[in-house]
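Quick note: the coordinates plus some simple rules give every number you see, no bench work behind them. Just so it is clear, the model here is predicted, and its values are computed rather than measured. Note that each Cβ is placed from the backbone with ideal geometry, even for glycine, and that neighbours are counted across all protein chains shown.
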């Protein structure tokens, strides 16, 4: 199952790691370990953020994806289940619509 990790990183921690030259190494380590399908760096409400698409067999993997961001960057992490158009096509929306109409 695919999930979207929405990571928001506080300025103080990221700035300190940027100034000491270790931020790139730390980001690479997390990304190499978690092996996301896609990664996008952006901003949210004026803070640095990272959006990652990951594939997880079960929810017990959530800590292994979130903890590196918590522990390394003091980041806020949200995890959301997401679907592709193909996944949505398998959902049986027509049958659900008829059942609950």
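A Gaussian network model of the chain, with springs between Cα atoms under 10 Å, assigns the largest mean-square fluctuation among 57, 38, 16 to 57.
For residue 40, put the label point 7 Å out on the Cα→Cβ axis and report which residues of the stretch 67-87 keep their amide N under 20 Å from it. Under 20 Å, as judged by backbone N against the label point of residue 40, lie 76-87 of the stretch 67-87.
Beyond 18 Å, the tail of the calculated P(r) for the stretch 2-100 holds 52 percent of the Cα pairs. From helices alone, the chain scores -13000 deg cm²/dmol at 222 nm; the rule is -39500 (n - 2.57) for each run of n ≥ 4 DSSP H residues, then divide by the residue total. Between 0 and 90 degrees, the angle of helix 23-34 with respect to the longest Cα principal axis of the chain falls at about 30 degrees.
Using only alpha carbons, the stretch 1-55 has a radius of gyration to Kirkwood radius ratio (Rg to Rh) of 0.99.
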